[in-house]
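Trainee: Handing you this structure, nothing more for now.
The values are calculated or read from the model by the stated rules, or taken from the named source; none is laboratory data. Quantities reported herein were computed from a predicted structural model and do not represent experimental measurements. Cβ coordinates were reconstructed from backbone atoms using ideal geometry, including for glycine residues, and neighbour counts include every protein chain displayed. The area values use the complete protein model at the heavy-atom level, side chains included, leaving out ligands, DNA and RNA. Shrake-Rupley method; radii C 1.70, N 1.55, O 1.52, S 1.80 Å.
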Amino acid sequence: CVQEIKLDMERPTPMDRLLCGDVGYGKTEVAMRAIMKCVLDGKQAAILVPTTVLAQQHYMTAQNRFRAFPVTIEVLSRFRSPKQVKEVLQRVKEGRVDLLIGTHKLLSKDLAFKDLGLLVIDEEQRFGVGHKEKLRERTAQVDTLTLSATPIPRTLNMALSGIRDMSTIEEPPHDRRPVQTYVLEHDWAVVGEAIRRELSRGGQVYYLHNRVDSIEGTAKRLQEMLGEDVSIAVAHGKMGESALSRVMQEMNDGEVQVLVCTTIIETGIDIPNVNTLIIEDADRMGLSQLHQLRGRIGRSSRRASAYLTYDGELRVEVSQR
């Protein structure tokens, strides 16, 4: 895949390639190598991502990877103040930013690159046709690399019919093991046992409760069930920048053992020590979403477990109606 993309970038016509690979198979790594090639050739690169958390993660990854090179990296998201955004836009326009990572803010009319060479669209299925068409108009002569584990039918059709080129990563990383998945009625006793089992081997847990209004209550219930010596934190999209960044950093550092969260973790979060995922009301989510969420665990050589739970009482009530 790396070779195909590099050859595409050297051709006189702009690249338009879809990179497909299962969750956690290394699409970001391939993209980073393409960005390296672009930036070291003196052009600017941009990564468009669907969520602020993913933008922050890509920023940290890029900072780490380009540490030994004179590459300037910036991020645009809702966490930046209007003053900071204005300053970044000015520097991008003057060519003083080599790699720009951002959410939908990259689609704003104020953004102008001095010499954009490569656009990477991560989790392409999360953007609407309108967004992508707007991008295509602005980047008609720019190499475009689209990453997706679960491409939408329109994109897949374009790739298979030859309108777009397609690369596929079919081999999992070395030592990767499939995630054990259980579908069951929600039971606090089972939940408690699953969490304790993961914590006993030094791992961490995601507990997904997708309602912001009652997420604190769920975290409190888990705390009472597991005891005060288990560190539990909450993460959701309505939190401020510093609070959310702090929680995700603590999770990354292993200081938080159980993260009670919404689907904010769905795309791109990569913490290899988290190997148990429990989802409440899994029956209210789509297959693509569940597949992405399950891909947040099992990112190391350890055996990971995903528990997709549903409300049994609700099922009985619906069937009686």
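Trainee: Of (i) 61, 45, 43; (ii) 116, 45, 30; (iii) 94, 54, 48, which is the value of Cα extents along the principal axes in Å derived from the coordinates here?
Mentor: (i)
Trainee: Summarise the accessible area of the range 147-288 (1.4 Å probe, protein heavy atoms) by the percent that is carbon and sulfur.
Mentor: That share works out to 49 percent.
Trainee: Tilt of helix 27-40 relative to the longest C-alpha principal axis of the chain, in degrees (0 to 90, nearest 10)?
Mentor: 30 degrees
Trainee: Under a Cβ-only charge scheme (Lys and Arg +1, Asp and Glu -1), can you give me the dipole magnitude of the range 263-313 about the Cα centre, in debye to the nearest 20?
Mentor: The dipole of the range 263-313 has a size of about 440 debye.
Trainee: Give, as a single signed number, the net charge of other residues whose beta carbon lies under 14 Å from the beta carbon of residue 169, with Lys and Arg counted +1 and Asp and Glu -1.
Mentor: -1
Trainee: Could you tell me which of 251, 305, 76 has its Cα farthest along the dipole of the chain towards the positive end, charges placed at Cβ (Lys, Arg +1; Asp, Glu -1), taken about the Cα centre?
Mentor: Among 251, 305, 76, the one farthest towards the positive end of the dipole of the chain is 76.
Trainee: Using the Cα centre as the reference, give the magnitude of the dipole from point charges on the C-beta atoms of the range 1-134 (Lys, Arg: +1; Asp, Glu: -1; all else neutral), rounded to the nearest 20 debye.
Mentor: My answer is approximately 500 debye.
Trainee: Related question: So what's the gap between the Cα centers of the range 173-248 and the range 10-34, to the nearest angstrom?
Mentor: Comparing the Cα centres of the range 173-248 and the range 10-34, I get a distance of 32 Å.
Trainee: Ranked from highest to lowest mean number of other Cβ atoms within 10 Å per residue, what is the order of the peptides 248-258, 139-149?
Mentor: Going from most to least packed, we get 139-149, 248-258.
Trainee: Too long at a 20 Å Cα-Cα cut-off: which of 83/109; 37/83; 105/238?
Mentor: Check vs 20 Å cut-off fails for 37/83.
Trainee: On average, how much accessible surface per residue is there in the chain, in Å², for a 1.4 Å probe, leaving out ligands, DNA and RNA?
Mentor: Solvent-accessible surface per residue comes out at 49 Å².
Trainee: Hey, another quick one. List the residues whose amide H sits under 5 Å from the amide H of residue 275, counting only those 5 or more places along or on another chain, with H placed 1.01 Å from N in the peptide plane.
Mentor: Residues meeting the amide H criterion: 204.
Trainee: As I understand it, the value is the acute angle between the Cα axis of helix 129-138 and the longest principal axis of the Cα atoms of the chain; what does it come to in degrees, rounded to 10?
Mentor: Here the helix axis deviates by roughly 30 degrees.
Trainee: Using the beta-carbon distance between residue 107 and residue 303 and R0 = 35 Å, what value does 1/(1 + (r/R0)^6) give for FRET efficiency, to the nearest 0.05?
Mentor: 0.30
Trainee: Taking only the C-alpha atoms, wrap a convex hull around the range 66-143 and report its volume per residue in Å³ as a whole number.
Mentor: So the per-residue Cα hull volume is 111 Å³.
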